[in-house]
Amino acid sequence: MNRRLVFVVAVLVALMMPFMLAGQDKKAGGKMDKKMDAGPTSVTGCLNKGADATHFVIKDDKGKETTVTGDAALKLDVHAKNHNVTLTGTMAKDGSMTVTDLKMNSMCK
């Protein structure tokens, strides 16, 4: 009798395990990462060329640098001459930004 009970409990646990795991959140503690759900983000600062022709760096007024990429139609390379711009786009987990909109503000000082 005792062996049957252990067997039944083991089978039930084995059958329920996929449902329990599927219902859990991927983030630690079951909390959603606010940065991933934040949507579009804007950064204002001085835009300059980055490590290669497709990457650029924007430095905000606090000195924080963010690597950015974007579609060629945005013409980031035209503004990558120390122009003060406001970039809107999505942030990646690694802290880089994919730009979807660019607004020219002024020249950087």
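None of the figures in this text is laboratory data; all of them are computed from the coordinates on show. Since this is a predicted model, take the numbers as computed values, not measurements. Positions of Cβ are backbone-derived with ideal geometry, glycine not excepted, and every protein chain shown enters the neighbour counts.
Assorted remarks:
- Label zone of SER42 (point 7 Å out along Cα→Cβ, amide N under 16 Å): in region 56-99 this covers 60-61, 84-91, 99.
- Gain upon complete extension [ASN2, HIS55; 0.36 nm per residue less C-alpha separation]: 12.5 nm
- Rounded to the nearest 20, the size of the Cβ-charge dipole of region 41-107 about its Cα centre is 140 debye, with Lys and Arg at +1 and Asp and Glu at -1.
- Mean projection area, nm², convex hull over Cα of region 52-102: 3.5 nm²
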